[in-house]
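Quick note: the coordinates plus some simple rules give every number you see, no bench work behind them. None of these values were measured; they are calculated from a predicted model. Reconstructed Cβ throughout: ideal geometry from the backbone, glycine too, with neighbour counts over all protein chains shown.
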Amino acid sequence: MTDTSSQAAVYDPAAVEDKWQRRWEEARTNSVDLQRAARPFYNLMMYPYPSAEGLHVGNVFAFVGSDIYGRYRRLCGYDVFEPIGFDAFGIHSENYALKVNTHPAELIPRNIARFRQQLRRVGLMVNWDHELSTTDPAYYKWTQWVFLQLYRSGMAVKKAAPVNWCPECKTVLANEQVIDGFCERHPETAVSQRFLEQWFFTITKYAQRLLDNLERIDWSDSTRMLQINWIGRSEGAELVFATPVAEPIRVFTTRPDTVFGATYVVLAPEHPLVETLTAAEQRGEVNAYRRTVAEMDIVARRIGSKDKTGVFTGAYARNPATGESVPIWIADYVLMEYGTGAIMAVPAHDERDFEFATAFDLPIVPVIEPDDSQELPYTGWDAKLVRSGQFDGTSCRAAVGAITQWLEGQSLGRGEVRYRLHDWCISRQRYWGPPIPIIYCDACGTVPVPEKDLPVLLPAVDDFRPDETGVSPLARVEEWYRVPCPQCGADARRETDVSDTFLDSGWYFLRYPSNDFDDRPFDAELTKKWLPVDTYIGGNEHAVLHLMYSRFLTMALHDLGHLDFEEPFTRFRAHGTIVKDGAKMSKSRGNVVIPDQHIAKWGADTFRMYLMFLGPYQEGGDFRDDGISGIRRFLDRVWAMVEEANGTGGSDEAWRKLHQTIRKVGTDIEGLRYNTAISAMMEYVNLLRGNMAGPAAKGLVEPLIVMLAPLAPHFAEECWERLAHDASVFEASWPDFDEALAREVEIEIVVQVNGKVRGRIQAAPGISEEDAVRVAAADPQVHKFLGNKEIRKTIYVKDRLVNLVV
RNA sequence: GCCCGGGUGGCGAAACGGCAGACGCAAGGGACUUAAAAUCCCUUGGGAAGUAAUUCCCGUGAGGGUUCGAAUCCCUCCCCGGGCACCA
């Protein structure tokens, strides 16, 4: 690398960037004093998983977009805290370690070192003093602490449940990690169902709050929609179907208005009542069916054939509305995990029930009749009830409330809300994670590890391979899991599962400001000052994982008195994805963009700006190699302008354009419209170049450099220095926008005749409608189209347009 | 099937309901150069008329509608991307 950059006449990005990266570190330019900061602004980007492949262009896109915003806020006078860390525990890291047969404890520090170097090279305004890694015992001590808080309050529970088991990862997965029945990490491996004892966080208790708060937090709509869908709220009723045994069948339905058409009842095969209800002569068939279903894996059950199968139990239940006896069936299209695990089947008005009734020849009784007689099943709402006793003629919508109330009066039902959201399974039968801080004692039962004994260190073991047993590799480390019970001192054993990576990332933003403290997870005062996060930018792939879990944990910690806010991210924006040649980047497609290569060739600043110039930040873009030269040309021109800049002066037009540009660039960056912010600066530079023969006035160039600083920080620093400033450009402030100076002195008004453009007139801004119309009508070109017809109507849009209707 | 996005020149894309295509790439022409690269200047949605300045017509996935005026709003449909999905 050359070291003569400050004398060179041409822009040499490598030298400039190296110089400023050193300076920033020496002068601690990017560090903010968290205690003293007067205008705190917490600018967060999603910390990366430090993969062996190094920084991906998608990471760069995400981080740069966030960094630009942080740097902009800093220039606006905020004390911006922009931390970064590493999501280094978890299955991704561990699977890779297995693949290359190297211990993750050895790999991870290596990967992190490389990431750190790459992140520096990109020129992020990262406050390195607050870097964290989830694998650091000083961090995961507090991850375990979070678990204990939830455990104490009953929000962490151990229960046996059907869970997703990935035979490749050899661990259970959260529902959010199962994609179309396949493992998120192994797209070729079907997830199967196992019935295991697992630790769950009771996120479902917060379903309504997670939903309600979405209305009042400033998040990307796309992300909010994903969460709304995932929570899956359904309103309806729980209805009671009496049975010959003591316990009735409770069903959940969103269509209580159709209850008069319920001609049979279906239980999930796993439903506890099946055992007691099944008639003796049906027992053989029922048991056989239940066995088949139990052996079926989740794929076959969920996405496999939708052909309806099922078995009659031989028992009957009483329809609460009609009082009639209806047969009770079991079928795998009814899922135990949702609702009550039982449904009333209304074949005339539900597609699945219709299919099932057709297959097994069960009665189909229509109870709603649309005006134009439609085919069955009719599942719409725009119709009235028939064959429904006193409710005949009631509209469907009205009948929902009326029938629910009527049944409620007889204790046969009540209004009910259900959610699709499941409790969050956090147990992982793996090695590379924080051990769950629980001890099992024969005498005392389940005993939480006392907080003073945290962290429960992950033991260093050579053999960290998972196996088929369904227990963690830690279960093979006897000297580790055998411990005395913290309560009675008797021989006891540790929980050998580790926790999900998403528990690590569910609270990391709380730790950043406080990671100097080893005696508390987050300092009360610092947390009050810096949180919640002001702006969080990241990908929508985490909409229902990390972003949902973080909200839940924040709410839980709030309810337990640890935080005084319940939503962690005041403003969240989802960035788009970068694709290559119209397709997602992947190693198998061979279309992976390696950022380092482009940075080496063009410089980090050019690469940063080019990524932002590809398209709207929140939509992403298609990466192409051609086009990047345009950004470099632009920077070269600015560079030349800086070299020549001197004196004062400049045309009115140039000053006007400057102020218009300040306005546009500011509002564009605020709205993350980086592509148009860059265009605006290009237009300004084009105007300066075309506008004057000699060098540009310093006063016209300096604000441009400040505006460029968030996007091209090293470049801007170097230009700023060349413009004879001693301090960093980031000590400067965002240029003031002057409305008066931005105002045009003469404007062009479009003249339309019958909505078609027929001419243009020059006028002073603020011209009256009367004058504008008079001048417009007098324009010869316009006159041609008016002929001698009478003007019937005129439309005037102030300073923009006149439309003459003839 | 349901819920979000999106569809505009050769390409990436702009456009508070008001001049469609800003800005950039690529392409073509020119200047500089022995030459090339770099740089600088000009042209560039399609079609037609004119020696020309210029003018006219068509054009934002398709078809309807609202409006003085629609890429933008409404309805129907097609295609692409993402999410959910036997969820009662």
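Quick one: work out the % antiparallel among DSSP beta bridges in chain A, nearest 5.
Percentage antiparallel, nearest 5: 70.
Let me know the shape class of the range A:648-694, please: from the alpha-carbon gyration tensor, a ≥ b ≥ c as square roots of the eigenvalues, rounded when a/c is under 1.5, otherwise prolate if a/b is greater than b/c, or oblate. It is prolate, given that a/c is not under 1.5 and a/b is the larger ratio. Hey, with R₀ at 56 Å, roughly what FRET efficiency would A:D129 and A:L801 work out to, going by the Cβ-Cβ distance, to 0.05? The pair A:D129/A:L801 has a calculated efficiency of 0.50.
Placing a label point 7 Å from the Cα of A:S629 along the Cα-to-Cβ line, no residue of the range A:647-686 has its backbone N under 12 Å from it. Placing +1 on each Lys and Arg Cβ and -1 on each Asp and Glu Cβ, with no other charges, gives the range A:142-184 a dipole about its Cα centre of roughly 380 debye. Taking the range A:14-52 and a reference point 7 angstrom along Cα→Cβ of A:R520, the backbone N atoms nearer than 20 Å belong to A:33-38, A:40-42. Can you give me the angle between helix A:628-644 and the longest principal axis of chain A, using Cα atoms only, in degrees from 0 to 90, rounded to the nearest 10? Between the helix axis and the principal axis of chain A, the angle is about 40 degrees. A simple spin-label model places pseudo-atoms 7 Å from Cα toward Cβ; at A:R216 and A:C76 they are separated by 2.3 nm.
Using the beta-carbon distance between A:L560 and A:E748 and R0 = 60 Å, what value does 1/(1 + (r/R0)^6) give for FRET efficiency, to the nearest 0.05?
Values: r = 63 Å, r/R0 = 1.06.
Rounded to the nearest 0.05, the efficiency is 0.40.
Between A:R194 and A:R110, full extension at 0.36 nm per residue minus the direct alpha carbon distance yields a gain of 26.6 nm. Computed from the Cβ-Cβ distance with R0 of 56 Å, the FRET efficiency linking A:A279 to A:W381 stands at 0.90. Along the range A:134-147 the Karplus relation, 6.51 cos²θ - 1.76 cosθ + 1.60 evaluated at θ = phi - 60°, assigns HN-Hα couplings of 5, 8, 6, x, 5, 8, 6, 3, 7, 4, 5, 4, 4, 4 Hz to successive residues, with x for each Gly and Pro. Straight-line cross-link reach from A:K306 at under 20 Å between alpha-carbon atoms covers these aspartates and glutamates, not counting any fewer than eight positions away in the same chain: A:D180, A:E270, A:E295, A:D297, A:D332, A:E337, A:D350, A:E351, A:D353, A:E355, A:D361. Seen against the Cα atoms of chain A and their longest principal axis, helix A:283-295 is set at about 30 degrees. Stretching A:E683 away from A:T254 to a fully extended chain increases their span by 148.7 nm, per 0.36 nm per residue minus the current alpha-carbon distance. Using DSSP to call loops (not H, G, I, E or B), can you name the GluC sites (Glu not before Pro) in the range A:212-257 whose Cβ has at most 12 other Cβ atoms within 10 angstrom? Those satisfying the criteria are A:E215. Counting only alpha carbon atoms, the long axis of helix A:652-670 and the longest principal axis of chain A meet at about 10°. Straight-line cross-link reach from A:K205 at under 22 Å between alpha-carbon atoms covers these lysines, not counting any fewer than eight positions away in the same chain: A:K158, A:K159. For the range A:1-145, a crude dipole built from +1 on the beta carbon of Lys and Arg and -1 on the beta carbon of Asp and Glu, taken about the Cα centre, is about 220 debye to the nearest 20. The residues A:D491, A:D361, when put in order of fewest to most other Cβ atoms within 10 Å, stand as A:D361, A:D491.
Can you put A:V797, A:V311 in order, fewest other beta carbons within 10 Å first? List each step's numbers first, then the result.
On the way: A:V797 12, A:V311 22.
With the fewest neighbours first, A:V797, A:V311 line up as A:V797, A:V311.
Placing dummy labels 7 Å off each Cα toward the beta-carbon, the span from A:A37 to A:D652 is 4.5 nm. Out of the range A:567-605, which chymotrypsin sites (Phe, Trp or Tyr not before Pro) are coil in DSSP terms and have no more than 10 other C-beta atoms within 10 Å? Qualifying residues, ordered by number: none. Once the dipole of the range A:721-791 is set up with Lys and Arg at +1 and Asp and Glu at -1 on Cβ about the Cα centre, which of A:I749, A:P780, A:A764 lies farthest towards its positive end? So the residue we want is A:P780. Distance between the modelled labels on A:A138 and A:E479, one decimal in nanometres: 2.8 nm (7 Å Cα→Cβ projection).
A simple charge model with +1 on the Cβ of Lys and Arg, -1 on the Cβ of Asp and Glu and nothing else charged puts the dipole of chain A at about 1020 debye relative to its Cα centre.
How would A:Y49, A:Y139 line up from fewest to most surrounding beta-carbon atoms within 10 angstrom? Spell out each step's value before the answer.
On the way: A:Y49 19, A:Y139 23.
Taking fewest neighbouring Cβ atoms as first place, the list is A:Y49, A:Y139.
Considering only Cα-Cα distances, which of the following residue pairs are longer than 19 Å: A:K99/A:K584; A:K99/A:K587; A:K657/A:K798; A:K756/A:K793; A:K657/A:K698; A:K141/A:K170?
Values: A:K99/A:K584 24 Å; A:K99/A:K587 16 Å; A:K657/A:K798 21 Å; A:K756/A:K793 14 Å; A:K657/A:K698 15 Å; A:K141/A:K170 25 Å.
Beyond 19 Å between Cα atoms: A:K99/A:K584; A:K657/A:K798; A:K141/A:K170.
Within a straight-line Cα-Cα reach of under 19 Å, A:K528 can be paired with the following aspartates and glutamates, leaving aside sequence neighbours fewer than 8 residues apart in one chain: A:D33, A:D79, A:E82, A:D516, A:D518, A:D519, A:D559, A:D564, A:E566, A:E567. Amide H to amide H distances under 5 Å link A:V483 with A:A492, A:R493, A:R494, where only residues 5 or more positions off or on other chains count and H is placed in the peptide plane.
Length available on full extension from A:D726 to A:Q781: 0.36 nm per residue minus the Cα-Cα distance, which gives 14.0 nm. Averaging Cα coordinates gives a centre for the range A:110-181 and one for the range A:506-554; these two points are 13 Å apart.
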